[in-house]
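To start, the structure itself, in structure tokens.
Every number in this text was worked out from the coordinates using simple rules, so none of it is lab data. Here the structure is a predicted model, which is why all the values come from computation and not from measurement. Here the Cβ positions follow ideal geometry from the backbone for every residue, glycine too, while neighbour counts run over all protein chains shown.
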Amino acid sequence: MGVYVLKRLILALPTLFIASIIIFLLIHLAPGGPVRVMLGPMQDPSLVAKLRSQLGLDLPLHQQYIRWITKAVHGNLGISVTIQRGSPVTQLLIQRYATTLELAFLSMIIALIIAIPTGIISALQQNKLADHISRVVALIGVSIPNFFLGIILILLIGVIWLKPWGAGGFVPLTEGIGKNLLRMLLPAIALGTAYSAIVMRMMRSAMLNTINQDYVRTARAMGIGWWSILRKDIIKNALIPVVTVIGNSAGYLLGGSIVTETVFRLPGIGALVITGVFRRDFPVIQGVVLSIVVIRILINLSVDLFYSFLDPRIRAGGSNE
Amino acid sequence: MNKELLLDVDNLVTRFYTEEGVVRAVDGNSFDLYTAETVGIVGESGSGKTVTMLSVMGLIENPGRIESGTILYKNEDLLKKSDKEMRKLRGDEIGMVFQDSLSSLNPTYTIGGQISRVMKFHTNLSQKERRKRTVEILDSVGIPEPEKRAKNYPHEFSGGMRQRALIAMAISCNPSILILDEPTTALDVTIEAQIFELVEDLKADFGMGTILITHDLAVVANSCKRVAIMYAGRIVEKSDIYDLYDNPLHPYTRGLLNSIPDLNSEGKTKLPSIPGEVPDLIKLPDGCNFNPRCKYAEDKCFIDDPELEEKNQGRSVACLRVDEIE
């Protein structure tokens, strides 16, 4: 198992390398350098040049890349140049990720709580009323952009129903879980809805596929109870493809959080990268995108590990013979 | 051992109501089974062998329906039993082994776990006792190192071992009847022989009645005394296996026996086959179902539907011209 994880991590290195080059180049191809933003409208050419050399922007591109990536490997993603001038990007990321991961985690929980049971019921009631309703709702869920859903939720629930608490804004976890959750709930619902619709549809079709498998017939021919067949034969095997979808779309949660955090004014990674783009804070943008790549790779790895836990056929290292 | 009537199926009709039409999968079949004997049911794929057995097991699902007939198990009509009573009966009184052993076992569940689960639903044994019994059963069906093997998953077993494991599952609660649905189709001939040896032992040890479904007459010849030939949802001939080989009555049976290669034949003779193919069970021909492929068919065969009629002791056939053809 350990060897397998190590192998997978080593295989991730080329991916990281290529991603880092693209991230680095994109920022440098974008118009409007950070120095101009930093210095404002009054620009003294000598000052611009001085600042550029201070930031290392006058070096050839490949040298800049090597400087950046060497530090990045050591956990130093540079210094923020505009957003919080002088503070290390790594530190900013850690602060902001707390919020984003909480949001993503809550959305996933909400999504799975909705999706898995609905998918199961939908499959068991195939082509009956419950199935039709959940499929239509899922279609709507997939189709609504989450920023729009977010705004609707703020309007309906935040402004009209929960007026005394307000909907936007953020209370850090350190000020009490209850207060924090109250603020996180609406964004989590907004972000989780579309995700749950995807998972629900996958769960439904995986269930329908599994119900017709020969081993389900075997279990019935052996007089096994319905509940045991549902749990151990149908749901367990149906979950295998669903886990892949859950993992693959977890990246969607990170992407979706950018929009959701903006709508709900949450100080997460999404809000950070948006500000970073507007204010040309290139170390911050690079840091955020690189960290998302790393997280994505880690998610994929953990999906594969969980996969092998569910399905003995692909357990790492083959059989124990 | 006294011969006791275990199963008496009479005039069973099972149909499937699909959008394309009514599938007459089982069309008025009767057969019986006594203790410690093996009855063979032979037919091509799609002739309704498996559906007949699934009807006995109470496993016919929508859009299928058992239309009429009786299925007496130890003089109790199974068709009058509730779903719950049938569930208790399956696996406990009647065991069934399916053909594709890989897809018939849950891939995410250990072999031992799957066997133990059957006992969980039919016995009062504790988990520990079940585990012990699982190892014993695996040992009795000839799995080497049963203790270790019980912890394996189906993909870690070979085809023959998986089939043994399925049999172990089916016999774990000592059923009176064991139904084997093409148990050796996917196996090597040597493994096939071993499986049938195992079934013979079980029959001798426990007096189990066995129904063997197959498309292979040679397999039947080795292990059955009585055999029923099925064609397009109907039993067309019932006979003692020796009589059947000596003197097949139904033209379809003749065709089947002729298509077994004869090693004694001289030179390069072309192996005879039955022309045409199994009819669509939705659109069966008028008259005898076999008439499009029968070389003996004449006018009356396209009008009248032959009934299964007893010819002599234990021998029945459904053919209008049986007395005229040689």
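Data table
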| quantity | calculated |
| --- | --- |
| Rg and Dmax [Cα atoms of the protein assembly as shown; Å; Rg one decimal, Dmax integer] | 34.9, 117 |
| Tilt relative to chain B, helix B:111-122 - C-alpha long axis, 0 to 90 degrees, to 10 | 80 |
| The stretch A:190-309 - Kirkwood radius from inverse mean 1/r over Cα pairs (Å) | 16.9 |
| MRE, 222 nm, helices only [DSSP H, n ≥ 4, -39500 (n - 2.57), over the protein assembly as shown, to nearest 500] | -16500 deg cm²/dmol |
| For the protein assembly as shown, with +1 on Lys and Arg beta carbons and -1 on Asp and Glu, the positive-most of A:136, A:46, B:320 along the dipole | A:46 |
| Euclidean distance of C-alpha centroids, the stretch B:1-60 and the stretch B:116-133, integer Å | 30 |
| For chain B, share of DSSP beta bridges that run antiparallel, in % to the nearest 5 | 65 |
| Charge-dipole axis of chain B as Lys and Arg at +1 and Asp and Glu at -1 on Cβ define it, positive-most pick from B:261, B:221, B:189 | B:189 |
| Alpha-carbon spread of the stretch B:162-255, three principal axes, descending order, Å | 40, 27, 24 |
| Projected area, mean over directions - the stretch B:1-82, Cα convex hull, nm² | 5.9 |
| Calculated SAXS-style log₁₀ I(q)/I(0) at q = 0.15 Å⁻¹ - the stretch A:89-267, Debye, Cα scatterers | -0.87 |
| Fluctuation leader among A:211, A:113, A:177 - chain A, Gaussian network, Cα springs under 10 angstrom | A:177 |
| Simple Cβ-charge dipole of the protein assembly as shown, Lys/Arg +1 and Asp/Glu -1, about Cα centre, in debye nearest 20 | 4760 |
| Cα extents of chain B along the three principal axes, largest first (Å) | 67, 52, 44 |
| Subset of B:81/B:203; A:128/B:120; A:236/B:128 violating a 30 Å alpha-carbon distance limit | A:128/B:120 |
| Area projected by the alpha carbon convex hull of the stretch B:8-139, averaged over all directions, nm² | 10.1 |
| Rg ratio (alpha-carbon, reference 2.2 N^0.38 Å) - the stretch B:112-186 | 1.05 |
| Rounded to 5, the percent of DSSP beta bridges in the protein assembly as shown classed as antiparallel | 65 |
| Max mean-square fluctuation residue, GNM over chain B, Cα-Cα springs under 10 Å, options B:312, B:152, B:106 | B:312 |
| Dimensions (Å) - the stretch B:53-129, Cα atoms, principal axes, largest first | 42, 29, 18 |
| Cα-centre dipole for chain A with unit charges at Cβ (Lys and Arg positive, Asp and Glu negative), debye to 20 | 100 |
| Helical segments meeting 20 Å axial Cα length and Kyte-Doolittle -0.5 threshold in chain A (DSSP H) | A:2-29, A:89-124, A:129-143, A:177-211, A:236-264, A:282-310 |
| Rg to Rh quotient for chain A, alpha carbon positions, Kirkwood Rh | 1.06 |
| Radius of gyration and Dmax over the Cα atoms of the stretch A:1-130, both given in Å | 23.0, 74 |
| GNM result for chain B, Cα springs below 10 Å: residue of B:128, B:49, B:295 fluctuating most strongly | B:128 |
